[in-house]
Ligand code: F0G
């Protein structure tokens, strides 16, 4: 990682890349934004991209590719079986993770489907530091149950703990004793723990978790989708690892695992996914699901162009200059917002900047979806699309009551190498403006609520006319500005 100071003393992240291809963006007036968010049922997933200025919904499949990735996409072997492109990918994965077997899948959740179908049985318990939406859905679909064993500090939105994604080892030990190792098919470790704000675990903690698992004959599974951010944090925050290379850290972590799966929409800056497996026996037990649900074993539903890009992207993930960019921009955004009094999740993690909706708009109760309301308000204020990560993203209990999320966050993802610093400054400016008028923001209520994955398809409306009032205030303060 380059250490670059400014003569002015200002602390800003400096891009170690240049922009070679650009995409024009539109910023539509706030009056249109009001129409657009209402057409989208106040659900940012349902907004049209033409109405969005900064798309901070996700970092999934929207990271900027490098010149080397684009070049690699031109030379690929598009054969159904035995593709040389696929061989290049498996060799790179074996080199990086040290596992001999690999099953391709079209994206991360497809890996989860394969893992759940082959490993999870009714009544099984799957311990993990924290759940991810698709992971939990696949496990519960097979009759399993997720147990979250995060350290208590992990769900504290304001903290200085460097590794909020760590497992609580005492909780893990107690769980194994209580339910019995025979009911735990695997322990899942999620790197860059998504739903708590892209927070990492330490290498030391991962090693301890895996040692305990193996002592009891339990398999260890790493969700490496957000591994690149986690690697950056291990290197910069874990003193025992500061002299290790990213490659060494990766291998030491991988050596603890029986299975590593990932969404290549995140890891490797491409689109696709796959499962690396240590043992042939385990691989054979899952193998037939790939041609059945994904595609033949040498493409697994992925385009060969994406496979080539992924191979190069995985190599680039071993470069600290490259993987620093995301976390450094996020840190900048968080620090500036904190200076302006805006509540964000600390310490800054990977993936994006996470606004704490419970503190931003404490007047909105959880059953009126504060994180969803804030997502609509931030879109109105700046044409910025974020993702609700709170009660709206949860499923109702079987008796129909709300399952209140432990945190109410608005995630503003920073897809890697996509936004410039002035765009990030614009986002900070509009969010800071909104914070001055936070008391005006009200809640949302469902008008159409699907029984599953309601956060994707559900439609809501504002409770009261707070959105129109916000538009009037914007015009007063910004005049004719977009
Ligand atoms: N695991 C983690 C930790 C993820 O963040 C994701 C996706 C998946 C698995 C599933 O992968 O999308 O390729 O099927 N996260 C995306 C996001 C959707 O926006 O955070 P996928």
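Some points to look at:
- Scanning the range 208-247 for residues being under 25 Å from the mean Cα position of the chain (by Cα), under 18 Å from residue 98 (Cβ atoms) and surrounded by fewer than 15 Cβ atoms within 10 Å (Cβ to Cβ) gives a total of 1.
- Candidates are the residues of the range 138-160 that are in contact with a helix residue (DSSP H, G or I) (Cβ under 8 Å, 6 or more places away or on another chain) and part of a helix (DSSP H, G or I); the one that is modelled with the lowest pLDDT is 155.
- Scope the range 382-409; condition within 13 Å of the ligand (Cβ to nearest atom) and either in a loop (DSSP other than H, G, I, E, B) or closer than 20 Å to residue 157 by Cβ (or both); matching residues: 386, 387, 388, 389, 393, 409
- For residue 92: the one exception among (1) within 16 Å of the ligand (Cβ to nearest atom); (2) within 21 Å of residue 224 (Cα to Cα): (1)
- Test: residue in the range 381-398 that is surrounded by fewer than 20 Cβ atoms within 10 Å (Cβ to Cβ) and touching a strand residue (DSSP E or B) at 6+ places or on another chain (Cβ under 8 Å): no
- Qualifying residue in the range 185-199 (condition: more than 16 Å from the ligand (Cβ to nearest atom), surrounded by 24 or more Cβ atoms within 10 Å (Cβ to Cβ) and in a helix (DSSP H, G or I)): no
- Some residue of the range 115-124 being surrounded by 15 or more Cβ atoms within 10 Å (Cβ to Cβ) and within 14 Å of the ligand (Cβ to nearest atom): yes
- The single condition among (1) assigned to a helix (DSSP H, G or I); (2) closer than 28 Å to residue 138 by Cα; (3) away from the ligand (no atom under 16 Å from the Cβ) that residue 102 does not meet is (1).
- Residues of the range 440-467 classified as in a helix (DSSP H, G or I) and exposed (fewer than 14 other Cβ atoms within 10 Å of the Cβ), total: 1
- Top-ranked residue of the range 132-141 - restricted to ones that are over 17 Å from the mean Cα position of the chain (by Cα) and surrounded by 18 or more Cβ atoms within 10 Å (Cβ to Cβ), ranked as farthest from the ligand (Cβ to nearest atom): 139
The values are calculated or read from the model by the stated rules, or taken from the named source; none is laboratory data. Fair warning: this is a prediction, and the values are worked out from it, not measured in the lab. Virtual Cβ from ideal backbone geometry, glycine too; neighbours counted across all protein chains shown.
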